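Down below is the structure, laid out as structure tokens.
The values are calculated or read from the model by the stated rules, or taken from the named source; none is laboratory data. All of these numbers come straight from a predicted model, not from anything done at the bench. Using ideal geometry, Cβ is built from the backbone for each residue, glycine included, and neighbour counts are taken over all protein chains shown.
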Amino acid sequence: MLDKDGIAKRIAKEIKDGFYVNLGIGIPTLVANYIPEGINVVLQSENGLLGMGPFPFEGEEDADLINAGKQTITTLPGSSIFDSALSFGMIRSQKIDLTILGAMEVSENGDIANWKIPGKMVKGMGGAMDLVASAKNIIVAMQHVNKAGESKLLPKCTLPLTGVNCIKKIVTELAVLDVLPGGGFQLIERAPGVSVDYIRQATTGKLFAEDNVPEMIFD
Amino acid sequence: MINKVVSGADEAISDIENGNTLMLGGFGLCGIPENCITALVKKGVKDLTCISNNAGVDDFGIGLMLQQRQVKKMISSYVGENAEFERQLLSGELEVELIPQGTLATRCMASGYGMPAIFTPAGVGTEVAEGKEVRNFNGKDYLMEYAFDADFAIVKAWKGDTAGNLIFRSTSRNFNPVMAMAGKITIAEVEELVEAGELDPDHIHTPGVFVHRIFQGAGYEKRIEQRTVRTKN
């Protein structure tokens with residue numbers, strides 16, 4: 001079973017040289033720490049920055065330079081700054097190669113719910129609805145089950161949707177799964193030491209698994 | 001050159017009335033019009049509809065206007081960081097319309113570009129789509145979203161000149177340029193106001209035609225919401 005950094009590390013393997021990538025808040029943010037050497041990626045922050053750098057050194061914070069999580073950050077050689085409309089223009093026109101975001105639920109037809117729990121304080125969707133509606137390649141990083149022990153991979157989402165039919169890949173502490181075009185989760189890899197049966201128990205949606213599902217390999 | 005300079009925030013907002021719709025630039029607390037917010041609190045105008053990506057925090061930004069119960073409705077994409085906001089929302093004192101961030105930005109843009117509506121895939125198949133026209137282009141569904149209609153846009157820039165030209169700094173640009181284009185009256189507060197001719201025309205982000213009033217603000221706090229640093233090894 002992986003910890004959060006393990007999930008981030010496994011997702012980082014999906015990033016290819018030359019990718020422009022948008023990372024959501026939470027586990028997705030950690031992915032930046034595990035991008036393999038020799039892979040050049042540009043991180044987009046939807047508040048208006050391409051080429052997000054690491055956090056600043058203490059004393060060098062700039063209140064005018066933040067990411068979408070409102071954290072102080074830095075730029076890098078080759079960075080660019082733009083306004084919010086242009087930022088979502090590059091998202092909508094699919095210039096961003098990969099979006100990685102968290103989720104509360106994913107359904108077997110690729111629907112995602114991650115912005116609202118009815119009856120609780122609703123904070124808003126931020127840029128998530130724009131990202132999932134337009135991205136050509138979305139990976140969900142999340143825990144396989146919620147705090148109550150219920151599966152987050154479902155036949156149908158129970159929470160209000162963020163987007164429909166848009167998720168293609170999910171990485172959890174237990175597994176890597178693809179969402180099949182015809183519906184259902186295809187088990188691609190198991191976390192080290194986790195059995196197919198265990199994953200099946202934790203997955204309420206339709207799960208397809210070959211006979212020999214490989215374990216994840218980390219360098 | 002037409003001179004757009006006013007004496008300060010109080011004069012700039014003097015004709016904002018109860019019930020007006022305001023756009024306020026900024027993302028979180030980054031690039032917000034601090035001086036004008038202070039002046040609006042002082043003036044005490046009420047029943048405002050505020051279009052702004054966020055609603056500030058309890059004791060800063062739009063949060064200051066919420067404390068004084070000046071806001072009737074917020075149109076935002078994310079409002080998480082404000083306990084007074086939550087209280088007013090749950091008690092029904094405050095109306096909130098949550099919309100996708102790209103939709104918010106593009107509805108501002110459409111207004112500034114003189115276009116009545118846009119089509120966006122954001123929110124298709126979700127509760128955001130309820131009651132909205134859906135159109136299919138090239139096999140994909142899009143929602144029709146209307147351009148905003150705001151009485152005033154209030155923005156914050158880094159530098160500006162007496163002709164109203166604006167230059168923004170770093171990610172404090174965010175919603176400011178598109179909102180500047182979208183107000184029936186646009187008010188710009190800047191950290192440094194210079195004479196027309198001192199800014200390179202090639203470096204202008206917002207042409208002065210969109211700006212009706214400009215002044216040099218004072219005492220910028222520029223509060224940081226999430227101070228994150230790394231340590232030198």
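Find the residue count for the stretch B:7-37, including only residues that are surrounded by fewer than 17 Cβ atoms within 10 Å (Cβ to Cβ) and either hydroxyl-bearing (Ser, Thr, Tyr) or touching a helix residue (DSSP H, G or I) at 6+ places or on another chain (Cβ under 8 Å) (or both).
Result for the stretch B:7-37: 4.
Kindly indicate whether any position in the stretch A:199-212 is in contact with a Lys or Arg (Cβ under 6 Å, 6 or more places away or on another chain) and either under 19 Å from A:Gly6 (Cβ atoms) or modelled with pLDDT under 95 (or both).
Taking every residue of the stretch A:199-212 in turn, none turns out to be in contact with a Lys or Arg (Cβ under 6 Å, 6 or more places away or on another chain) and either under 19 Å from A:Gly6 (Cβ atoms) or modelled with pLDDT under 95 (or both).
So in the stretch B:190-233, with the set limited to residues that are assigned to a helix (DSSP H, G or I) and over 15 Å from B:Gly112 (Cβ atoms), which one is farthest from the other protein chains (Cβ to nearest Cβ)? Walk me through how you get there before you give the answer.
Initially, the stretch B:190-233 is screened for residues assigned to a helix (DSSP H, G or I), giving B:201-203, B:208-210.
Filter once more, so that each one left must be over 15 Å from B:Gly112 (Cβ atoms): B:201-203.
Values: B:Pro201: 19, B:Asp202: 16, B:His203: 13 Å.
Residue satisfying both the conditions and the ranking: B:Pro201.
Search the stretch A:184-202 for residues that are polar (S, T, N, Q) and pair each with any residue that is in a strand (DSSP E or B) when their beta-carbon atoms are under 9 Å apart and the residues are at least 6 apart or on different chains.
Pairs that qualify, where the first residue is polar (S, T, N, Q) and the partner is in a strand (DSSP E or B), are A:Gln186/A:Leu177; A:Gln186/A:Asp178; A:Gln186/A:Val179; A:Gln186/A:Leu207; A:Gln186/A:Phe208; A:Gln201/A:Ser151.
Being hydrophobic (A, V, I, L, M, F, W, C), out of contact with any helix residue (DSSP H, G or I) (no Cβ under 9 Å at 6 or more places or on another chain) and under 23 Å from A:Asn137 (Cα atoms) is the requirement here; does A:Leu174 meet it?
No, not satisfied.
For A:Ser80, state whether it is among the hydroxyl-bearing types (Ser, Thr, Tyr), out of contact with any His (no Cβ under 9 Å at 6 or more places or on another chain) and surrounded by fewer than 23 Cβ atoms within 10 Å (Cβ to Cβ).
For A:Ser80, the condition - among the hydroxyl-bearing types (Ser, Thr, Tyr), out of contact with any His (no Cβ under 9 Å at 6 or more places or on another chain) and surrounded by fewer than 23 Cβ atoms within 10 Å (Cβ to Cβ) - is met.
For the stretch B:15-49, give me the residue count where each residue is in a strand (DSSP E or B) and within 14 Å of another protein chain (Cβ to nearest Cβ).
Residues flagged as in a strand (DSSP E or B) and within 14 Å of another protein chain (Cβ to nearest Cβ) within the stretch B:15-49 amount to 4.
Taking the conditions exactly as written (surrounded by 17 or more Cβ atoms within 10 Å (Cβ to Cβ), among the hydroxyl-bearing types (Ser, Thr, Tyr), without any contact (Cβ under 8 Å) to a residue 60 or more places away in the chain and closer than 30 Å to B:Gly123 by Cβ), does A:Thr162 satisfy them or not?
For A:Thr162, the condition - surrounded by 17 or more Cβ atoms within 10 Å (Cβ to Cβ), among the hydroxyl-bearing types (Ser, Thr, Tyr), without any contact (Cβ under 8 Å) to a residue 60 or more places away in the chain and closer than 30 Å to B:Gly123 by Cβ - is met.
Looking at B:Lys159, is it farther than 16 Å from B:Lys222 by Cα, out of contact with any Ser or Thr (no Cβ under 6 Å at 6 or more places or on another chain) and either modelled with pLDDT under 95 or among the basic types (Lys, Arg) (or both)?
No.
Could you list, in sequence order, all residues of the stretch A:100-110 that are hydrophobic (A, V, I, L, M, F, W, C) and either in a strand (DSSP E or B) or surrounded by 24 or more Cβ atoms within 10 Å (Cβ to Cβ) (or both)? Let's see the steps before the verdict.
Initially, the stretch A:100-110 is screened for residues hydrophobic (A, V, I, L, M, F, W, C), giving A:100-101, A:103-104, A:106.
Residues satisfying the conditions are A:Ile100, A:Leu101, A:Ala103, A:Val106.
Please find, within the stretch B:101-118, the residue that is nearest to the other protein chains (Cβ to nearest Cβ) out of those that are closer than 16 Å to A:Ala135 by Cα and of a type outside the set (Gly, Ala, Ser).
Looking at residues that are closer than 16 Å to A:Ala135 by Cα and of a type outside the set (Gly, Ala, Ser), I get B:Gln101.
Find the strands (runs of 3 or more DSSP E) located wholly in the stretch B:51-155 whose residues include 3 or more that are surrounded by fewer than 16 Cβ atoms within 10 Å (Cβ to Cβ), and list them.
B:134-137, B:140-146
Inspect all residues belonging to the stretch B:125-133 and state whether any of them is small (Gly, Ala, Ser) and within 13 Å of another protein chain (Cβ to nearest Cβ).
Yes: the stretch B:125-133 contains one or more residues that are small (Gly, Ala, Ser) and within 13 Å of another protein chain (Cβ to nearest Cβ).
For the subset of the stretch A:37-88 comprising residues that are out of contact with any helix residue (DSSP H, G or I) (no Cβ under 6 Å at 6 or more places or on another chain) and hydroxyl-bearing (Ser, Thr, Tyr), which member is nearest to B:Ala180 (Cα to Cα)?
A:Ser87
Rundown of residues vs (1) within 17 Å of the chain's Cα centre (by Cα); (2) buried (at least 24 other Cβ atoms within 10 Å of the Cβ); (3) within 14 Å of chain B (Cβ to nearest Cβ), yes/no style:
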{"site": "A:Lys123", "(1), (2), (3)": "no, no, yes"}
{"site": "A:Leu131", "(1), (2), (3)": "yes, yes, yes"}
{"site": "A:Asn137", "(1), (2), (3)": "yes, no, no"}
{"site": "A:Val140", "(1), (2), (3)": "yes, yes, no"}
{"site": "A:Lys168", "(1), (2), (3)": "yes, no, no"}
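As an exercise: evaluate B:Ile187 against (1) within 12 Å of chain A (Cβ to nearest Cβ); (2) buried (at least 24 other Cβ atoms within 10 Å of the Cβ) and give the number of the one condition it does not meet.
For B:Ile187, the exception is condition (1).
Is one or more of the residues making up the stretch B:156-174 more than 11 Å from chain A (Cβ to nearest Cβ), assigned to a loop (DSSP other than H, G, I, E, B) and without any contact (Cβ under 8 Å) to a residue 12 or more places away in the chain?
no
What tally of residues in the stretch B:135-159 results from selecting those that are more than 30 Å from A:Cys166 (Cβ to Cβ), over 12 Å from the mean Cα position of the chain (by Cα) and not charged (D, E, K, R)?
1
Which numbered condition in (1) buried (at least 22 other Cβ atoms within 10 Å of the Cβ); (2) away from chain B (no Cβ under 13 Å) is the only one that A:Asp97 fails?
(1)
Among (1) within 7 Å of chain B (Cβ to nearest Cβ); (2) within 30 Å of B:Lys140 (Cα to Cα); (3) over 20 Å from the mean Cα position of the chain (by Cα), which single condition is A:Ile91 missing?
Evaluating A:Ile91 over (1) within 7 Å of chain B (Cβ to nearest Cβ); (2) within 30 Å of B:Lys140 (Cα to Cα); (3) over 20 Å from the mean Cα position of the chain (by Cα) leaves (3) as the failure.
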